[in-house]
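Shown next, in structure tokens, is the structure this report addresses.
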Amino acid sequence: MSDKPRLLMCPPTHFGVDYVINPWMRGNVGRADRREAKTQWDRLHGVLRDLAEVELLEPAEALPDMPFVANAGLVCNDAFIPSRFRFPQREGELPHALRWFEAHGFRALELSGSASFEGEGDGLFQPDAALLWGGYGVRSGLQVYREIAEWLNVEVKPLRLIDERFYHLDTCFAPLPGGRALYYPDAFDRESLEALRGHFPEDQRIEVGPEDALGFACNAVVLGDVVVTSHAGPELRERLGAWGFRTEVCPLGEFLLSGGGAKCLVLRLDNTVAPVKAAVSRPPITERVVTLQGQLLDTGLLTTALDAITDLGGTFDFEEFRPGLRQNEASTARIRIVAPGGEQMEAILASLLRYGAKPEEALREASLCEVEQDGVAPRTFYSTTIYPTDVYLEGQWIRATKQRMDAVLVVKEGEHGRHVECRLTRDVRRGDRVVCGADGVRVHAPRTRGRDESFAFMGAGVSSERRVEVVIDEIAWEMQRIREQDGKIVVVAGPVVVHTGGALFLAQLIEMGYVQALLGGNAIAAHDIEYSLLGTSLGVDLTRGKGVPGGHSHHLRAINEVRRAGGIREAVEQGVVTSGVMYACVKRDVPFCLAGSIRDDGPLPETLMDLYEAQRRYQELIVGADMILMLSTMLHSIATGNMTPAGVRLICVDINPAVVTKLTDRGSLESLGIVTDVGLFLNLLTRRIKEVQPERRDG
Ligand code: NAD
């Protein structure tokens, strides 16, 4: 046998673009010229025949992609691992390939499981190394590489593809002899790109630009010091030349209509891996099975969870899926997750916990890492949600206190035993022990997530107006009940409340005892006092809806008067401010917090410009809240939402549906969004409250 490289090709006798299974094929169905394709293929075949021994696979009718023989499977030594195609359109190619390999003395190794694998399209050996690069994420599943690594006793480095146009690894990556490589960086996720850059030093890698990449320059057949490709720009050719490679360009435009280049048309038959004495280290690919239960389909929870897995670099297989057959019946999904490494798996599990996922394996202790620097959490810290959270330590579940989202879990040993609390990263101190990863963390997320409960008031239909009225009736009723039980209602309000004429009604709600704390920024107070002193809001006369001369400075004058008095409380006590929201707060002793922002005018003396202090004060004021009314302020509402644990009724009113969705998408039934004008909302709400509770009108 000669020591020339051995290749397999398949003539394009039946080639065509007959269906669409990748972005290149879109719009190209029926457009490939078979004769031109044959000419291009013959030229490639001719070039390769001079450099290698080329065997031919008999083409079969009605299998237009069969010339892309790289996807038939993967050869290593005398073993052939047949592909498991992702799309049924290509499944028919397999028996032909299997027959050929059997007839030529290869032993077939059939993959277990159900994940797809598209052969040398995704599995590429680094020349002269016991290393296989494993592409996954578009066509092949990550899990197949564990088995392949085991069988071939090679190291596998997984690379996740994120651009559907580069759907196989060989479309964007060509390993070269001498420990070098050619690749298109934008086709990979961040971790994979880091892995490539970590493996190939800067002078041993060529990162091609989009022009070369889209011409399929990386889809190259590399034979010794010859790189055969359908395209290579002058700079690329020069750089390859500097490494001692000759570039042979064979245009393959017809095949590009299908998303294939030179390498796709060739399968290597001579991949050899020298027997390694000791077992090579296994790829760090890890698997876990989790169960998700709840309204998985109609709330879109399942899609969200699966997106989280793939976004974090993992892949998944369903072990079992039982849909709820009736509206209120929960669905159950058992999902096998595969991640390229332990860290990614931890991130995936941590993210799935917020959807109530339960890992199936034996219970593991939470892992704790020590804080090394004040205000900086360990890298792999578990980030909290709004839901009640337990931590498993020394055989015991401990419920975290001060539940809020975007915090870390700090484990403390105290007089009364062990204690876990949610704390902001900036507040951790050296030596604190923080829960890392998702092991030993249990989140009590609701099994039934809320549907999109946003109601359109400004929308077209009359019925939606009626719907909003019904919803407001309900809110009025809830507020009244909370009031009767001496509960707590917190209002978060932006200046639009004043601009829309809602301040009058908000002040009435405060006076009637329906507000126990007010949160906002400088603006709500500034414009409320402007209105009280000068009858305008942002210079607009609210009774006539018209700007008044010099009105643009009214809020500055109002702020100035409050500053002269020494503060809002003082301005009320001195009789400077005699009406409005802030007046009502002072009169009713309703605590308020005005959190500063960089755009604030003045600010008013009470506005807290120390944001740590403002956040602390907000958090203090929402403790024990039964309901939080968020009225037309995105900034302060988001801040409040993040601090609020699940279980508190959140009502968000904003004219912008996107803001309402963002604020109410907490996955719980307690949040309700209303898309409407806040002035109108407050007007209707106050009227309704007075109707249901007229005797409370005077407090
Ligand atoms: P924001 O952008 O956070 O929120 C305004 C929200 O109101 C938006 O979501 C918008 O969709 C909504 N909205 C607009 N018209 C509405 C209507 N008719 N009905 C219902 N919703 C409506 O802005 P913000 O809270 O107003 O201000 C952000 C920060 O800037 C705050 O801290 C505020 O105090 C400060 N600010 C200061 C001054 C000042 O000092 N003069 C003026 C304005 C804002």
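Selection of first residues in segment 526-543 that are at negative phi and of second residues that are among the basic types (Lys, Arg) and within 13 Å of the ligand (Cβ to nearest atom), restricted to Cβ pairs under 8 Å at least 6 apart or on distinct chains, gives the following pairs, ordered by first then second residue: GLU530/ARG557; LEU533/ARG557; LEU534/ARG557.
Scanning segment 150-176 for residues that are of a type in the set (A, V, I, L, M) and under 30 Å from the mean Cα position of the chain (by Cα) yields VAL156, LEU159, LEU161, ILE162, LEU169, ALA174. For segment 286-300, the count of residues that are more than 36 Å from the chain's Cα centre (by Cα) and of a type in the set (Lys, Arg) is zero. Restrict the check to segment 158-173 and report whether at least one residue is more than 17 Å from CYS218 (Cβ to Cβ) and at pLDDT 90 or above. Yes, that holds for at least one residue. Screening LEU44, LEU48, LEU7 for residues that are surrounded by 20 or more Cβ atoms within 10 Å (Cβ to Cβ) and either outside any helix (DSSP H, G or I) or free of Cβ contacts under 8 Å to residues at least 12 places away in the same chain (or both) leaves exactly one candidate, LEU7.
When residues in segment 384-436 are screened for being assigned to a helix (DSSP H, G or I) and either hydroxyl-bearing (Ser, Thr, Tyr) or under 22 Å from the mean Cα position of the chain (by Cα) (or both), 1 of them pass.
Contact map, segment 600-621: residues that are touching a residue at least 12 places away in the same chain (Cβ under 8 Å) and among the aromatic types (Phe, Trp, Tyr) paired with residues that are in a loop (DSSP other than H, G, I, E, B) and within 12 Å of the ligand (Cβ to nearest atom), Cβ distance under 6 Å, separation 6+ or inter-chain. No pairs are found.
For segment 562-594, the set of residues classified as in contact with a helix residue (DSSP H, G or I) (Cβ under 9 Å, 6 or more places away or on another chain), free of Cβ contacts under 8 Å to residues at least 60 places away in the same chain and assigned to a loop (DSSP other than H, G, I, E, B) consists of GLN574, VAL576, VAL577, THR578, listed by residue number.
Taking residues in segment 392-410 that are under 14 Å from GLN619 (Cα atoms), and partners anywhere that are modelled with pLDDT of 95 or more and part of a strand (DSSP E or B), the pairs with Cβ atoms closer than 6 Å and at least 6 places apart or on different chains are THR401/GLU421; LYS402/GLU421; LYS402/CYS422; GLN403/CYS422; ARG404/CYS422; ALA407/CYS422; ALA407/ARG423. Among the residues of segment 165-201, just one is among the acidic types (Asp, Glu) and within 19 Å of SER83 (Cα to Cα), namely ASP170. Consider segment 124-148 and keep the residues that are among the hydrophobic types (A, V, I, L, M, F, W, C), touching a residue at least 40 places away in the same chain (Cβ under 8 Å) and surrounded by fewer than 20 Cβ atoms within 10 Å (Cβ to Cβ). The one that is farthest from GLU91 (Cα to Cα) is ALA129. Restricting VAL266, VAL290 to those that are surrounded by 18 or more Cβ atoms within 10 Å (Cβ to Cβ), farther than 30 Å from ASP225 by Cβ and modelled with pLDDT of 90 or more reduces the list to VAL290. Residue count for segment 366-378 satisfying the condition of being loosely packed, with under 13 Cβ neighbours inside 10 Å and part of a loop (DSSP other than H, G, I, E, B): 3. The set of residues in segment 483-499 being more than 8 Å from the ligand (Cβ to nearest atom) and out of contact with any strand residue (DSSP E or B) (no Cβ under 7 Å at 6 or more places or on another chain) consists of ARG483, GLU484, GLN485, ASP486, GLY487, LYS488. Looking across segment 316-335, the residues that are crowded, with 17+ Cβ neighbours inside 10 Å and either part of a loop (DSSP other than H, G, I, E, B) or within 19 Å of the chain's Cα centre (by Cα) (or both) come down to PHE316, ILE335. Among the residues of segment 282-319, those identified as acidic (Asp, Glu) and over 23 Å from LEU363 (Cα atoms) are ASP298, ASP307, ASP311. Close Cβ contacts (under 6 Å, 6 or more residues apart or on different chains) running from residues in segment 630-642 that are among the acidic types (Asp, Glu) to residues that are in a helix (DSSP H, G or I) and within 6 Å of the ligand (Cβ to nearest atom) are absent.
Among the residues of segment 507-527, those identified as within 13 Å of the ligand (Cβ to nearest atom) and touching a strand residue (DSSP E or B) at 6+ places or on another chain (Cβ under 8 Å) are LEU518, LEU519, GLY520, GLY521, ASN522, ILE524, ALA525, HIS527.
The values are calculated or read from the model by the stated rules, or taken from the named source; none is laboratory data. Please read these numbers as outputs of a predicted model, since none were measured by experiment. In this analysis, Cβ positions are derived from the backbone assuming ideal geometry, glycine residues included, and neighbour counts consider all displayed protein chains.
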